[in-house]
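Undergrad: Please find one structure pasted underneath; my questions will follow.
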Amino acid sequence: DVKVTQSSRYLVKRTGEKVFLECVQDMDHENMFWYRQDPGLGLRLIYFSYDVKMKEKGDIPEGYSVSREKKERFSLILESASTNQTSMYLCASSMGSMSETQYFGPGTRLLVL
Amino acid sequence: QKEVEQDPGPLSVPEGAIVSLNCTYSNSAFQYFMWYRQYSRKGPELLMYTYSSGNKEDGRFTAQVDKSSKYISLFIRDSQPSDSATYLCAMSAIGGGSNYKLTFGKGTLLTVNP
């Protein structure tokens, strides 16, 4: 079974803090993704990576950056957290360049005060 | 027009009912179609996967794709309280820069009452 794990289930941070969200997958997947999920807005893609050290912006990259130094690990960084970044953050991975099926982690609920 | 439209519900049915969940889409390049189930406060999990048009059955679940109408459906037979969740449709095109990306519907919240 594919396993995608996220470093925290719940996180509370203050405005202006730098926040790191970590994601690890154990199936040697090429592609990794970061989404946020908000009521009424659905899943929105923040960034994705199709290889180590490669990244591409998704639909809402502003205020976020990412890092992929190893194939199995994809980090999302909030450089200076703001209250409008309070959300559920979901990491996903998929197999290869033509793979469509994404496998999700359990999510991190981030509250920015 | 949004690329993928999904009625958010909520949908409430009695146990044992047949449930029909639907999505419409506008991008004729979509070839891969998925349904994800998401329990409250959890990540989405893949439920069904279909390539191109046709039907696929897995136990109590049937996924249908009608590309001519740009319409996909998920049917749940003999629904159970454990089916209560949000159901997300997702789809993907092939070619160009969209190989890696899925386009999601916003999800339909389903409650199955005992």
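Every number here is computed from the coordinates shown, using simple stated rules; none is lab data. All of these numbers come straight from a predicted model, not from anything done at the bench. In this analysis, Cβ positions are derived from the backbone assuming ideal geometry, glycine residues included, and neighbour counts consider all displayed protein chains.
Undergrad: Among the residues of the stretch B:1-55, write down those that are closer than 20 Å to B:Thr103 by Cβ, among the hydroxyl-bearing types (Ser, Thr, Tyr), part of a strand (DSSP E or B) and in contact (Cβ under 8 Å) with a residue 24 or more places away in the chain.
TA: B:Thr24, B:Tyr25, B:Tyr32, B:Tyr36
Undergrad: OK, next. Please work out which residue is farthest from the chain's Cα centre (by Cα), limiting yourself to the stretch A:56-74 and to residues that are in a loop (DSSP other than H, G, I, E, B) and within 11 Å of chain B (Cβ to nearest Cβ).
TA: Applying the first criterion (in a loop (DSSP other than H, G, I, E, B)) to the stretch A:56-74 yields A:58-63, A:71-72.
Narrowing the set further to residues that are within 11 Å of chain B (Cβ to nearest Cβ) leaves A:58-59.
Details: A:Gly58: 11, A:Asp59: 13 Å.
Only one residue fits best here, namely A:Asp59.
Undergrad: Within the stretch A:75-96, is there a residue that is in a loop (DSSP other than H, G, I, E, B) and within 13 Å of chain B (Cβ to nearest Cβ)?
TA: Here is the first cut: in the stretch A:75-96, the ones in a loop (DSSP other than H, G, I, E, B) are A:79-82, A:86, A:95-96.
After this cut, where a residue has to be within 13 Å of chain B (Cβ to nearest Cβ) as well, the list is A:95-96.
Scanning the stretch A:75-96 turns up at least one residue that is in a loop (DSSP other than H, G, I, E, B) and within 13 Å of chain B (Cβ to nearest Cβ).
Undergrad: Which residues, taken from the stretch A:57-113, are in contact (Cβ under 8 Å) with a residue 24 or more places away in the chain and charged (D, E, K, R)?
TA: A:Arg68, A:Lys71, A:Glu72, A:Arg73, A:Glu79, A:Arg109 - these are the residues of the stretch A:57-113 that are in contact (Cβ under 8 Å) with a residue 24 or more places away in the chain and charged (D, E, K, R).
Undergrad: If I ask for residues that are of a type in the set (S, T, N, Q) and assigned to a loop (DSSP other than H, G, I, E, B), which ones from the stretch B:58-96 would you list? Reasoning before the result, please.
TA: Looking only at the stretch B:58-96, we keep the residues that are of a type in the set (S, T, N, Q), and these are B:62, B:64, B:68-69, B:73, B:79-80, B:82, B:84, B:86, B:92.
Of everything in the stretch B:58-96, those that are of a type in the set (S, T, N, Q) and assigned to a loop (DSSP other than H, G, I, E, B) turn out to be B:Ser68, B:Ser69, B:Ser79, B:Gln80, B:Ser84.
Undergrad: Let me ask another. Could you list, in sequence order, all residues of the stretch A:26-49 that are touching a Gly at 6+ places or on another chain (Cβ under 9 Å) and among the hydroxyl-bearing types (Ser, Thr, Tyr)?
TA: Step one: list which residues in the stretch A:26-49 are touching a Gly at 6+ places or on another chain (Cβ under 9 Å), which gives A:29-31, A:33-35, A:37, A:42-48.
Answer for the stretch A:26-49, where residues must be touching a Gly at 6+ places or on another chain (Cβ under 9 Å) and among the hydroxyl-bearing types (Ser, Thr, Tyr): A:Tyr35, A:Tyr47.
Undergrad: Quick test of your reading of the structure: A:Trp34 fulfils all but one of (1) within 13 Å of chain B (Cβ to nearest Cβ); (2) in contact with a Ser or Thr (Cβ under 7 Å, 6 or more places away or on another chain); (3) touching a residue at least 40 places away in the same chain (Cβ under 8 Å). Name the failing condition by number.
TA: (2)
Undergrad: Go through the stretch B:38-62 and give me each residue that's within 11 Å of chain A (Cβ to nearest Cβ) and among the basic types (Lys, Arg).
TA: B:Arg41, B:Lys42
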